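Just below is one structure, and these are the notes that go with it.
All of the numbers you see were taken from the coordinates with simple rules; none came from a lab. Owing to the predicted nature of the structure, the values given are computational and were not obtained by experimental measurement. Here the Cβ positions follow ideal geometry from the backbone for every residue, glycine too, while neighbour counts run over all protein chains shown.
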Amino acid sequence: MKLISTRNAENKIAALDAVLKGIASDGGLFVPEVFPAMDKRLILGLGENSYAEAAAKVLGLFFDEIEDEDLRKMAEAAYAHFDDVRVAPVKKLTNKEYILELFHGPTLAFKDMALQILPRLMSEALKNSGSKENILILTATSGDTGKAALEGFRDVSRTKIAVFYPEEGVSDMQKLQMVTQPGKNTYVCAVRGNFDDAQTGVKKMFADIGFNERVKARGYQLSSANSINFGRLAPQIAYYIYAYAKLVSGGHIQVGETINITVPTGNFGNILAAYYAKKMGLPVSKLICASNSNNVLTDFFESGKYVTNRMFFKTMSPSMDILISSNLERLLFEVCERNAAYVRELMQTLGADGEYTLDFSSKGRMVKDFYADYADELRTARTIKDTFRKHGYLLDPHTAVAKAVYENYLQHTGDSKVNLIVSTASPFKFVQDVLRSLTGEAVEEPFEAARRLAEASGSEVPGQISALQGSDVRFMDVAEKEELADVILNIL
Ligand SMILES: *Cc1c(COP(=O)(O)O)cnc(C)c1O
């Protein structure tokens, strides 16, 4: 299928080529020229498949240049090493509340769902393009993308990957996961500042023509593993459809029944995938966009005004400590009825003034599908504790934000449709904060905290966490955001 740029609909590209390119040359993001339609039979049929088979079928709707059989093999390899054979199990809290667990991959966050298959799509795209160049993946991370991308691309031939994380902006476990990363083609560097600084630094490199030429002279072409890449988005659509099919086949909902979906949101990639699934025919009513104290999206859905110039908070859900949600541009494109000139204008205004205001009718279309709210730190901590008490279910802080916001939604609207809460990380990745929320204990040392948390919650420390203890630290570099290009040229 063809994709078009959100800033110029004439700018068309095959879906597989977009995976290599990452971002459109006009600065826009690639979106499907038309959304493939799914009928009821197709959706429900997926419930009979393994996760990998279902994911391959959904990906096939976009990547029609890849043979079905090849896609299936890619998906099977991608999801073979998850710590739950169901890959993305749906757990029941109550008759109305279900949790879609997306953290069973090698790095314990939902990013694995896409980043275990993206490198395979990229290798296919590279083969397809006949290009002789290698790929250099540059990634800014708020904590989870970095590790998931490193694992996904580790020792993949013809690729190198460099990850930049905010020096003070990730949890101890997240940092440990990254700085101990094995692989001959991996590199990790801290950036002074917050995630937006790291992201800005990385975006600058993509736009710097001189830098691109020097990278090219060394035999590399730049690409991105961030959620602006369509190859991240497409695999994320699959689990929403699969979860729905499983809710039906498990007898939890009727065929065709509409559900709500609540997503803890940062860069707007995960919830956008749910919106795309709805556009493709999945029976979804409201998409509930949950933020932490960095509630720029809550304000935007409320007022239509996006303002990035505001206080930045460091929270216990660091993967959502983001003020510039890149993927929102894809939603804007849909709600303004695909007016690329208008999107271009909004993004220019954002770049120049740090804010923009959406026109009235677009805003109206937007709030038909979405509800947005946020939970502060206290509320998040209380939700972790209360949910464990009530249901014996341990939430990570990101998922707790979603659960709290869903409770607000229920109270404000009384809408008691079945709700699917997306769980994006294992609580053991944010172990000190989760332990403190649950029992009040303040344990500094992360592995000691993990032992205590396992004890207090009657669960086991995931192998992915215990394996970190005693692993060698390989990466200790720290850089200013202006220096990233030099850092990269040094390692090539
Ligand atoms: C990345 C991440 C999020 C936010 O997802 P977006 O697609 O950026 O909105 C939420 N929770 C966790 C644990 C994450 O790693």
### Task
Starting from the Cα of residue 157, move 7 Å in the Cα-to-Cβ direction to define the label point; list residues of region 58-72 whose amide nitrogen is under 20 Å from there.
67, 70-71
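Taking only complete DSSP H runs, can you tell me which helices of the chain stretch 20 Å or more along their own long axis by Cα positions and average at least -1.0 on the Kyte-Doolittle scale?
Working: long enough: 230-249 (29 Å, 0.54); 377-391 (21 Å, -1.38); 397-413 (24 Å, -0.52).
Helices meeting the span and hydropathy rule in the chain are 230-249, 397-413.
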## Note on the structure
Within region 337-418, DSSP-loop chymotrypsin sites (Phe, Trp or Tyr not before Pro) with at most 11 other C-beta atoms within 10 Å are none
### Query
By how many nm would the segment from residue 489 to residue 213 grow when fully extended, if each residue of separation counts as 0.36 nm and the alpha-carbon distance is taken off?
98.2 nm
### Query
Along the Cα-to-Cβ line of residue 412, 7 Å from the Cα, sits a label point; which residues in region 291-331 have backbone N less than 18 Å from it?
291-307
### Summary
Under 5 Å from the placed amide H of residue 188, counting only residues 5+ away or on other chains, we find 163
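Taking only C-alpha pairs under 8 Å that are 6+ residues apart, what is the relative contact order of the chain in percent? Write out the running numbers ahead of the final one.
On the way: 965 pairs, mean separation 92.1, N = 492.
Relative contact order here is 19 percent.
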